[in-house]
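What follows is a set of notes on a single structure, which appears directly below.
The values are calculated or read from the model by the stated rules, or taken from the named source; none is laboratory data. In this text, all values refer to a predicted model and were calculated from it rather than measured experimentally. Counting neighbours? That spans all protein chains shown, and the Cβs are built from the backbone with ideal geometry, glycine included.
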Amino acid sequence: MHLEIGEEKSGNSGNIVDVKILTLKNVKKHFEGLRAVDGVDLTLNKGEILGLIGPNGAGKTTLLNTISGLLMPDDGSIMFKDRDITLLPAFKRAKLGIARTFQIAKPFSLLTAEENVLVGMGCKLHGNISSLFKNCRKKEILQKADEIINLIGLSDSKNQLASSLPIGLLRKLEIGRALATAPSLLLLDEPASGLNNQERNELAELVEKIRKLGISIILIEHTMSFVMNLSDRIVVLHRGNTIAEGTPQEVANDPLVIEVYLGTKGVKYAS
Amino acid sequence: MRRFLCIVMVLMFVLCGLLSVDAMAQETVKIGFITPLTGFAAADGYSSLESAKLAVDYVNEHGGINGKKLELISYDDGCQPDQASALTRKLIENDKVAVVISGSYSSPSRAAAVICQQAKVPFTSTYAVHPSIVEAGEYCHRIGMAAPIQGRVGGYFAARELGAKRIALLIMNNDFGVSLAEAFKETALKLGAEIVYEKKYPLGETEFRSYLNAIKAADPDLLYAPGYYNEAANIVSQAREVGLRCWLMGDEGYDSPKFIELAKTAANGVFITTDLNRDSDRPMTRYFLEKYKERTNIDADMVGASGFDAVMLVSHILNKVGTKADDIIRYWDTIENFEDCATGPIITFQERSAIRPMDIQIVLNNQFRYFYRYYEPEIIYLNPPSGGK
Amino acid sequence: MLQVLLDAIVLGCSYALMAVGLNMVYGLLRIIHVAHAALYTLGAYVGLYCLLNLSQSLWISLFVGALFSAIVGVLMYRIIYSPALTAPRYVPLIAGAGVFIASQELFRLLAGPYPYSFDAHFQFLSIMTPNLRVTETQMLMITFMVVAFLCLFILINKTNLGLMWRACTQDMELAASSGININLIIAINFMIGSALAGSAGILMALYRNSVFPTMGAMVSYKAFVVIVLGGFGSIPGAAIAGIILAIAESFLGMVPIFNLPREAIAFLVMILVLMFKPKGLFGR
């Protein structure tokens, strides 16, 4: 079941369906003694936005990498839509419907914005070898790409090289490229970093739109207002372990979280 | 129990080893042979080794060395000087060979010569031409033609016999090509010819058209291109292709059936200096040419002939004086008119290099044919006996 | 003059065909594929075998030789490079050099140390005038190169595969996360590069009329000079630089006072490029 972009899913917009889309059990990833992720359990419901926060080095990005398949977990299991994907390589997970962006915005910098989206669309289009040798700029494909480009608001600069785009558009382009793979789970790794307030608000709107498409989202973010406002649920990681979980309010008031992570800033936020 | 069995087995192995070594040592006279069987020079190494084996078989069929079998111990030096030194040391120290023969190129031969000189073991190179090989000392000889002689013969033929006035040089940039070219140039200049073009090219080069176009523009009477057949085949066929119409002259490095195979009809008319006369009716030459073809299914070349000759000469000496190094060396320098070899008879050794009549061959109808032979002492001796060099 | 230029272009075609494969691999994996030259020799030997035993047709031997090289090229990646990719970059370099040396000895063991004549007869265009002469083989080489590069250009810029390939050369991780089967792309990359190397080997064997175990040695470092000159990873760079290098070699080789061998010219060019334009003429 793949969601077509631009097609509004009726009924459940904004609502979380009680269907587990992603289940992590006891996931571990160690780097020569450093326990980056040390036994994390996590579940994600369909249509949910899960905020993943924690201090630098807490293991957030590593956890995201194990979910997207760039890293293989040392232990534990990952279930995605009732399928064990623990040992699948990244590209197969992408085909199943897990898309991601990166902490440091990385588009295909020598391709145009449109081509970046086209690369993402290739994920679903090219099942067989023969399609590889077909024209990459067919009309119907370009139309679909345009829908995504419109959604992320990049229509004006779609023919620019990605390397020439400002950071705000780059962040959107990354999301667009990820959306092009028609995901059911989107992993966003600090999408708001480096953005000013206005860009950040636009991005928040975009994330809301994406959620309305029925796509579940895991969001790593340091900008507290951004993550607290968007997330349905927050998980706090510290030294590779989950130390708190709950609604944004619950987590913000959790004394342990305030102590290890939020610090004085957190106290301010809570008060 | 198990430990006891182990000990017994180890003991048996050791005993067997000792016995076999003793038994072999009593039966055979060993000569060592280093030659490149791997790397870029492997083809020459193969010719050389197969010919040496042919000679060993011949010697053993004709009574061996004073009743003992002649044994050839050969190693692959990959045409690397450091390998050659190490393997020569191994031949001398482990295998206790009476004589070391090098079937390799100039630089490895030079390295081996130095080791043999230090160990006072007689050494001979076969087809390596560089002058410095025999300069290692009195234990080192050369069976093939020294570059100064061969280059000089080429120079005489070009400038005197063919009467070339304008000469172009295209030289392979290694010991072989450069030392030949030097001797050739000296002789040709002395005989009044003019060098109108000179260029060095690296071993392994395949594209000569730009040089050849420049040579064509220089309009020479003759192109002398010392090198090996692989490169030479390209030079010759490309020379014909660009329309260079002058005499083409090469050296013993061309002397291989492969040269003609690769250059095809372009090889016709090319002169080479060599010492293997395929039209000779000397019984030993015929024996070598026929048996080599029988053994390897390939036509023999000059490299093989000199390997054959080295073993023949060494076994002749061993038969006469035994295996003591000093006796061998003393006898070696007195050799005169040695006929049991595939190349022209060895007249004598001068400065420890073989002196023999020199041949010019020409390629006709896709075959090497006898063309001219030099007997004149002032040409074929390293230092002509009359004195004036 | 025109003649020298033409001969140089033909020679440049062989450099370019070799360098493109090297650059395709470098662009994708950032490794120097030293064993690439082994596929050049392999193509020549397989082509020769075909010619002697299967069919008299040059076209069939060209096809079979290229196909064989392509398959072996992919195997080479799977067996040699793939496990070494996570290691420091000198590891695949040394592994490749080892494979290249071993391959020379393997060819020698299988086919013998002597050069073979590559005696194919075929019909093709040729130009023969008093001032200009382009032999059938030269014409074939130029045509092959032009067609090969046109195909490559279309493949890379117009097709889905090309888009995926370009994406992979820029960021392998990102490409994998976008659902691109990077193993497949790498395999196809090796296949195309190796097939080009194999056909270059056959064409050169035909041109030089010789096939021998160490025939790849000279082209291997010439191709390296070409990719330095053209810019690492740049395919048009490799094509143009191959021809530029051959032209430079040929014309400098004609100057009588400039008494340097051809290979010295190549390395002189490389040193100059590294000094003044380290990214190469077309590097990015």
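How many residues does segment B:188-207 contain that are more than 14 Å from B:PRO226 (Cα to Cα) and crowded, with 21+ Cβ neighbours inside 10 Å?
Residues flagged as more than 14 Å from B:PRO226 (Cα to Cα) and crowded, with 21+ Cβ neighbours inside 10 Å within segment B:188-207 amount to 4.
Residues in segment A:70-96 that are within 20 Å of A:ASN45 (Cα to Cα) and in a loop (DSSP other than H, G, I, E, B): how many?
Adding up the residues that qualify gives 4.
In this structure, is A:GLY57 assigned to a strand (DSSP E or B), away from chain C (no Cβ under 14 Å) and modelled with pLDDT under 90?
no
Can you confirm whether segment B:208-230 contains a residue that is within 29 Å of the chain's Cα centre (by Cα), within 30 Å of B:GLN80 (Cα to Cα), surrounded by fewer than 23 Cβ atoms within 10 Å (Cβ to Cβ) and of a type outside the set (Ser, Thr, Tyr)?
Checked against the condition, which is being within 29 Å of the chain's Cα centre (by Cα), within 30 Å of B:GLN80 (Cα to Cα), surrounded by fewer than 23 Cβ atoms within 10 Å (Cβ to Cβ) and of a type outside the set (Ser, Thr, Tyr), segment B:208-230 yields no hits at all.
Looking only at strands (runs of 3 or more DSSP E) that lie completely in segment B:318-389, which have at least 2 residues being of a type in the set (Ser, Thr, Tyr) and surrounded by 15 or more Cβ atoms within 10 Å (Cβ to Cβ)?
Fully inside segment B:318-389 and qualifying: B:367-374.
Select from segment A:66-94 the residues that are within 9 Å of chain C (Cβ to nearest Cβ) and within 15 Å of the chain's Cα centre (by Cα) and write down the one among them that is surrounded by the most Cβ atoms within 10 Å (Cβ to Cβ).
Once the filter is applied, the top-ranked residue is A:ALA94.
Can you confirm whether B:LEU364 is modelled with pLDDT under 90 and of a type in the set (A, V, I, L, M)?
no
Given B:ALA263, B:ALA310, B:ALA267, B:ALA233, which one is touching a strand residue (DSSP E or B) at 6+ places or on another chain (Cβ under 7 Å) and within 14 Å of chain C (Cβ to nearest Cβ)?
B:ALA267
Looking at (1) within 24 Å of B:MET358 (Cβ to Cβ); (2) touching a residue at least 40 places away in the same chain (Cβ under 8 Å), which is the only condition B:GLY204 fails?
(1)
Just to be sure, is B:ARG240 in a helix (DSSP H, G or I) and more than 11 Å from chain C (Cβ to nearest Cβ)?
So B:ARG240 fits the description; yes.
When you look at B:SER237, is it hydroxyl-bearing (Ser, Thr, Tyr), at pLDDT below 95, surrounded by 24 or more Cβ atoms within 10 Å (Cβ to Cβ) and closer than 30 Å to C:ALA246 by Cβ, yes or no?
No, not satisfied.
When residues of segment C:97-137 are filtered for being within 11 Å of chain B (Cβ to nearest Cβ), outside any strand (DSSP E or B) and hydroxyl-bearing (Ser, Thr, Tyr), how many remain?
4
State all residues of segment A:97-108 that are in a strand (DSSP E or B) and facing chain C (nearest Cβ under 7 Å); if no residue qualifies, say none.
Across segment A:97-108, the qualifying residue is only A:ARG100.
Taking the options A:LEU186, A:LEU206, A:LEU195, A:LEU213, name whichever one is among the hydrophobic types (A, V, I, L, M, F, W, C) and surrounded by 23 or more Cβ atoms within 10 Å (Cβ to Cβ).
Of A:LEU186, A:LEU206, A:LEU195, A:LEU213, the one residue that is among the hydrophobic types (A, V, I, L, M, F, W, C) and surrounded by 23 or more Cβ atoms within 10 Å (Cβ to Cβ) is A:LEU186.
Scan segment B:252-292 for residues that are closer than 13 Å to B:PHE308 by Cβ and either assigned to a helix (DSSP H, G or I) or free of Cβ contacts under 8 Å to residues at least 40 places away in the same chain (or both) and jot them down.
Within segment B:252-292, B:MET284, B:THR285, B:ARG286, B:TYR287, B:PHE288, B:LEU289, B:GLU290, B:LYS291, B:TYR292 meet the criteria.
Which of (1) in a loop (DSSP other than H, G, I, E, B); (2) crowded, with 18+ Cβ neighbours inside 10 Å does C:ILE265 not meet, given it meets every other one?
Of everything listed in (1) in a loop (DSSP other than H, G, I, E, B); (2) crowded, with 18+ Cβ neighbours inside 10 Å, C:ILE265 misses just condition (1).
Read through the list (1) buried (at least 21 other Cβ atoms within 10 Å of the Cβ); (2) more than 11 Å from every other protein chain (Cβ to nearest Cβ); (3) modelled with pLDDT under 90, then give the number of the only condition that A:LEU63 fails.
Every listed condition holds for A:LEU63 apart from (3).
Which of (1) more than 17 Å from C:VAL74 (Cβ to Cβ); (2) at pLDDT 90 or above does C:ALA38 not meet, given it meets every other one?
Of everything listed in (1) more than 17 Å from C:VAL74 (Cβ to Cβ); (2) at pLDDT 90 or above, C:ALA38 misses just condition (1).
Results for (1) of a type in the set (Asp, Glu); (2) free of Cβ contacts under 8 Å to residues at least 24 places away in the same chain; (3) touching a Leu at 6+ places or on another chain (Cβ under 9 Å), shown as yes or no for each residue.
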residue: A:GLN160; (1), (2), (3): no, no, yes
residue: A:GLY168; (1), (2), (3): no, no, yes
residue: A:GLY176; (1), (2), (3): no, no, yes
residue: A:THR181; (1), (2), (3): no, no, no
residue: A:ASP189; (1), (2), (3): yes, no, yes
residue: A:ALA192; (1), (2), (3): no, no, yes
residue: A:ASN196; (1), (2), (3): no, no, no
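Can you name every residue in segment B:211-226 that is in a helix (DSSP H, G or I) and more than 9 Å from chain C (Cβ to nearest Cβ)?
Within segment B:211-226, B:LEU212, B:ILE215, B:LYS216 qualify.
Restricting to segment B:165-210, what's the tally of residues that are more than 14 Å from chain C (Cβ to nearest Cβ), hydrophobic (A, V, I, L, M, F, W, C) and in a helix (DSSP H, G or I)?
Result for segment B:165-210: 6.
Starting from segment A:200-213, keep only residues that are of a type in the set (A, V, I, L, M), then list their pairs with residues that are surrounded by fewer than 17 Cβ atoms within 10 Å (Cβ to Cβ) and part of a helix (DSSP H, G or I) whose Cβ atoms are within a distance under 7 Å, requiring at least 6 positions of separation or different chains.
Between residues of segment A:200-213 that are of a type in the set (A, V, I, L, M) and residues that are surrounded by fewer than 17 Cβ atoms within 10 Å (Cβ to Cβ) and part of a helix (DSSP H, G or I), the close pairs are A:ALA204/A:ASN229.
Take C:MET141 and decide whether it is surrounded by fewer than 16 Cβ atoms within 10 Å (Cβ to Cβ), of a type in the set (A, V, I, L, M), out of contact with any Ser or Thr (no Cβ under 6 Å at 6 or more places or on another chain) and more than 14 Å from chain A (Cβ to nearest Cβ).
no
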